[in-house]
Amino acid sequence: MEKPFVIKDMVKKYPGFQLGPLNLEMEQGTVLGYIGRNGAGKSTTMHCMVGLLKFDQGEINIYGKPNDPIQNEWKQKIGYVGDYHVFYEKWSAEKNLKFKSRFYPAWSDKKTRELIKRFRLPVNKRAKDLSSGNRVKLSLISVLAYSPKLLILDEPTAGLDPLVRDEVLEELFEVLEDGERAIFYSTHILSDIKRLVDNLIFLDEGEIFLETSKEDLLEKWRQITFHLTQEDISLEAIASRKKKGNEYQVISHNFEKTLSQIKRLGATNIVMNRMGIDEISVQVIKRGKDVAIG
Amino acid sequence: MWQLVKGELNYFRDLFGRILSGIILAGGANFILPKVIETTINPSELILVFLSLLVPLNIVKVGIKERRNYFYSLLPLSKRQIGIGRLCVPMIYMVGLLIVFSLYNYIIYKWYPSLPAPLNFITIFSILSISLFFTAVYMVLEDIGAFLNFKWIDGIKLFYMIFGAIFYFILIISFFEKNSLDNKNVLQNAMGQFAEWLSISFRGAACCVISALILIVINTWIYEKRRSYLE
């Protein structure tokens with residue numbers, strides 16, 4: 001099966017910032033989370049993928065075809081909801097959807113109606129009069145209505161209230177049900193990752209420093225508390241540590257390594273707790289490249 | 001691509017109303033103005049100048065405000081189709097203006113031959129051709145800026161808009177006064193002669209339109225080469 005996208009050695013240069021060289025790909029039927037601080041290069045990557053920005057080097061293939069600006073077939077296969085929502089502002093939401101429907105043979109009016117109802121979008125309002133949350137909803141509906149094979153979502157739940165965010169995530173789960181679709185998802189709302197993603201890519205200053213599965217992270221990361229009398233110890237595979245007297249509380253990104261070391265050092269009262277993927281992600285973003293090794 | 005053109009035409013259909021109001025105003029002004037003030041200027045000509053600028057400026061203004069390049073780029077169209085499609089609406093309006101204004105002048109002067117000198121087809125064609133050329137240069141500047149990532153381009157565009165507009169108006173005024181060139185300074189004389197060449201010869205206006213069309217074709221190519229479609 002063709003991969004939803006393959007990015008090879010892609011570079012995008014700005015004065016004082018370089019994204020890449022990036023090498024990225026994903027599997028059909030999965031959700032790939034793209035995580036990083038503001039300005040790490042997440043949106044730039046997505047802009048390059050959908051043709052909003054031209055990159056300086058490398059190549060991007062969407063379902064085996066280059067994202068060539070002269071060709072347009074590849075665009076039928078992707079749906080992009082970005083950081084900015086553009087419409088014909090003087091038209092109603094309904095008219096905007098009608099306009100977009102003409103470009104997509106796979107557009108479903110039935111699905112559109114269902115989504116409008118589900119997201120409670122006031123379709124008769126003009127786009128310029130919609131609240132920011134409703135603009136996000138309109139963007140999402142205009143993409144989900146033609147069931148693209150690859151959804152590229154750049155912080156799609158930003159600006160939505162928790163209830164609607166839940167509904168959006170629910171809808172995205174349904175998108176994945178047939179196993180023939182893929183979602184490339186960038187977010188800073190880490191609770192979204194917990195529910196949705198299979199694999200994660202962490203980006204910092206334009207470089208990927210960690211590429212892993214959610215299971216792998218959940219398996220390796222632990223919060224460990226223990227008692228140790230020894231002073232000035234250097235612990236392995238540690239993302240953070242707190243010390244109060246002889247009581248230690250550490251976060252390990254490879255708990256087996258840390259555990260065997262503290263056992264060797266004679267630690268007692270060892271308690272290990274699993275961590276949520278959102279807590280782990282915060283640590284990974286904070287520590288950057290240090291936790292990518294090991 | 002035709003879906004895009006149809007959508008754009010539909011979106012800018014309020015321009016039809018403005019053009020219609022302008023033409024009605026031109027009709028009224030032709031009857032009223034000569035009775036109020038003594039002038040050699042044909043009111044229809046002034047209104048046509050205004051309308052010919054209103055169409056492209058309105059489309060450009062909305063395009064910037066609503067980030068039209070971002071919007072177009074997300075549609076399943078190639079950049080070439082977008083480049084051509086986005087130009088169709090101003091072109092259709094310009095051609096529409098040419099036809100409607102020519103018909104209007106033909107009809108009104110057939111019925112009221114006593115009105116001030118009628119606008120002939122070449123004058124209408126000339127005014128529209130200069131507007132088209134003026135807009136085409138602006139679009140080329142805009143796309144070259146996005147192609148080369150050239151930081152001075154905003155300043156150049158502003159310079160062009162200010163001095164281009166002044167040049168455009170001097171040229172148009174020279175149209176009105178082309179019969180009294182003797183007492184003008186060198187610049188006005190040259191502008192007057194240029195205006196005369198444009199306005200009394202079909203060849204002059206045609207040159208202007210062809211230049212604009214060449215610029216538009218080049219611009220479509222430059223549009224494909226832009227480095228960013230985010231704005």
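In the range B:217-226, what residues are under 20 Å from B:F150 (Cα atoms) and assigned to a helix (DSSP H, G or I)? Lay out the reasoning, then the answer.
If we filter the range B:217-226 for residues that are under 20 Å from B:F150 (Cα atoms), which is where we start, we get B:218-226.
Those that are under 20 Å from B:F150 (Cα atoms) and assigned to a helix (DSSP H, G or I): B:I218, B:N219, B:T220, B:W221, B:I222, B:Y223, B:E224, B:K225.
In the range A:45-87, what count of residues is obtained for those that are of a type in the set (D, E) and within 16 Å of the chain's Cα centre (by Cα)? Walk me through how you get there before you give the answer.
As a first pass, look at the range A:45-87 and keep what is of a type in the set (D, E): A:56, A:59, A:68, A:73, A:83.
After this cut, where a residue has to be within 16 Å of the chain's Cα centre (by Cα) as well, the list is A:83.
The total comes to 1.
Given the condition closer than 17 Å to B:E224 by Cβ, in contact with a Lys or Arg (Cβ under 9 Å, 6 or more places away or on another chain) and in a loop (DSSP other than H, G, I, E, B), answer yes or no: does some residue in the range A:88-98 qualify? If you could, list the steps in order and put the result at the bottom.
First pass over the range A:88-98, keeping only residues closer than 17 Å to B:E224 by Cβ: none.
For the range A:88-98, residues closer than 17 Å to B:E224 by Cβ, in contact with a Lys or Arg (Cβ under 9 Å, 6 or more places away or on another chain) and in a loop (DSSP other than H, G, I, E, B): absent.
Could you give every pair whose Cβ atoms fall below 7 Å, whose first residue belongs to the range A:98-114 and is assigned by TED's automatic domain parsing to the domain that holds A:Y88 and buried (at least 18 other Cβ atoms within 10 Å of the Cβ), and whose second residue is in a helix (DSSP H, G or I) and among the aliphatic types (A, V, I, L, M), counting only separations of at least 6 or pairs across chains?
Going by the 7 Å Cβ cut-off, the qualifying pairs are A:T112/A:L97; A:T112/A:I141.
Residue check, A:E215 against (1) under 30 Å from A:S101 (Cβ atoms); (2) free of Cβ contacts under 8 Å to residues at least 40 places away in the same chain, all met but one. Which one?
(1)
Just checking, how many residues over the range B:52-71 are part of a helix (DSSP H, G or I), within 9 Å of chain A (Cβ to nearest Cβ) and either more than 30 Å from B:S102 (Cβ to Cβ) or among the charged types (D, E, K, R) (or both)?
First pass over the range B:52-71, keeping only residues part of a helix (DSSP H, G or I): B:52-65, B:68-71.
Checking which are within 9 Å of chain A (Cβ to nearest Cβ) leaves us with B:62, B:65, B:68-71.
Checking which are either more than 30 Å from B:S102 (Cβ to Cβ) or among the charged types (D, E, K, R) (or both) leaves us with B:65, B:68-71.
Total satisfying the criteria: 5.
If you go through the range B:72-95, how many residues are buried (at least 19 other Cβ atoms within 10 Å of the Cβ), more than 14 Å from every other protein chain (Cβ to nearest Cβ) and touching a residue at least 60 places away in the same chain (Cβ under 8 Å)?
2
Residue under question is A:G79, and the condition is that it be over 16 Å from B:S228 (Cβ atoms) and at the interface with chain B (Cβ under 10 Å from one of its Cβ atoms); does it hold?
Numbers: over 16 Å from B:S228 (Cβ atoms): yes; at the interface with chain B (Cβ under 10 Å from one of its Cβ atoms): yes.
Spelling it out, A:G79 is indeed over 16 Å from B:S228 (Cβ atoms) and at the interface with chain B (Cβ under 10 Å from one of its Cβ atoms).
Tell me, which residue of the range A:82-94 that is at the interface with another protein chain (Cβ under 9 Å from one of its Cβ atoms) and more than 21 Å from B:L230 (Cβ to Cβ) is surrounded by the most Cβ atoms within 10 Å (Cβ to Cβ)?
Of the range A:82-94, the ones at the interface with another protein chain (Cβ under 9 Å from one of its Cβ atoms) are A:82, A:84, A:86-91.
Next, only the ones that are more than 21 Å from B:L230 (Cβ to Cβ) stay: A:90-91.
Values: A:K90: 15, A:W91: 18.
Among those residues, the one meeting the criterion is A:W91.
Quick one: in the range A:168-197, of everything that is touching a Lys or Arg at 6+ places or on another chain (Cβ under 8 Å), among the acidic types (D, E) and surrounded by fewer than 17 Cβ atoms within 10 Å (Cβ to Cβ), which residue is farthest from A:G39 (Cα to Cα)?
A:E180
Checking A:A237 against (1) in contact with a His (Cβ under 7 Å, 6 or more places away or on another chain); (2) at negative phi, which test does it fail?
Result: A:A237 passes all but (2).
Identify, from the list A:L32, A:L24, the residue that is out of contact with any Pro (no Cβ under 6 Å at 6 or more places or on another chain), away from every other protein chain (no Cβ under 14 Å), surrounded by fewer than 21 Cβ atoms within 10 Å (Cβ to Cβ) and aliphatic (A, V, I, L, M). Explain how you work it out, then say what you get.
Numbers: A:L32 fails: surrounded by fewer than 21 Cβ atoms within 10 Å (Cβ to Cβ).
Selected residue: A:L24, the only one of A:L32, A:L24 that is out of contact with any Pro (no Cβ under 6 Å at 6 or more places or on another chain), away from every other protein chain (no Cβ under 14 Å), surrounded by fewer than 21 Cβ atoms within 10 Å (Cβ to Cβ) and aliphatic (A, V, I, L, M).
So A:S139 clears everything in (1) in contact with a helix residue (DSSP H, G or I) (Cβ under 9 Å, 6 or more places away or on another chain); (2) hydroxyl-bearing (S, T, Y); (3) within 14 Å of chain B (Cβ to nearest Cβ) except one condition, right? Which one?
(1)
Of all residues in the range A:60-76, count the ones that are in contact (Cβ under 8 Å) with a residue 12 or more places away in the chain, at the interface with chain B (Cβ under 9 Å from one of its Cβ atoms) and part of a loop (DSSP other than H, G, I, E, B). Reasoning before the result, please.
Residues of the range A:60-76 in contact (Cβ under 8 Å) with a residue 12 or more places away in the chain: A:60-64, A:67, A:69, A:74-76.
Subsequent filtering for residues that are at the interface with chain B (Cβ under 9 Å from one of its Cβ atoms) retains A:69, A:74-76.
In the following step, the residues that additionally are part of a loop (DSSP other than H, G, I, E, B) were identified as A:69.
The number of residues fulfilling the criteria is 1.
Would you point out which residue out of A:G288, A:G206 is at positive phi, within 21 Å of the chain's Cα centre (by Cα), in the same structural domain as A:G41 (by TED's automatic domain parsing) and of a type outside the set (D, E)?
On the way: A:G288 fails: in the same structural domain as A:G41 (by TED's automatic domain parsing).
Answer to the check: A:G206.
Select, from A:I224, A:I251, A:I233, A:I270, the only residue that is exposed (fewer than 14 other Cβ atoms within 10 Å of the Cβ) and not in a helix (DSSP H, G or I). Spell out the reasoning first.
On the way: A:I224 fails: exposed (fewer than 14 other Cβ atoms within 10 Å of the Cβ); A:I251 fails: exposed (fewer than 14 other Cβ atoms within 10 Å of the Cβ); A:I270 fails: exposed (fewer than 14 other Cβ atoms within 10 Å of the Cβ).
Going through A:I224, A:I251, A:I233, A:I270 in turn, the sole match is A:I233.
Just checking, does the range B:104-111 include any residue being in a helix (DSSP H, G or I), within 19 Å of the chain's Cα centre (by Cα), farther than 26 Å from B:L171 by Cβ and more than 14 Å from chain A (Cβ to nearest Cβ)?
No, the range B:104-111 has no match at all.
The values are calculated or read from the model by the stated rules, or taken from the named source; none is laboratory data. Everything numeric here is computed off the predicted structure, so don't read it as measured data. Please note: Cβ atoms are built from the backbone with ideal geometry, for glycine as well, and neighbour counts cover all protein chains shown.
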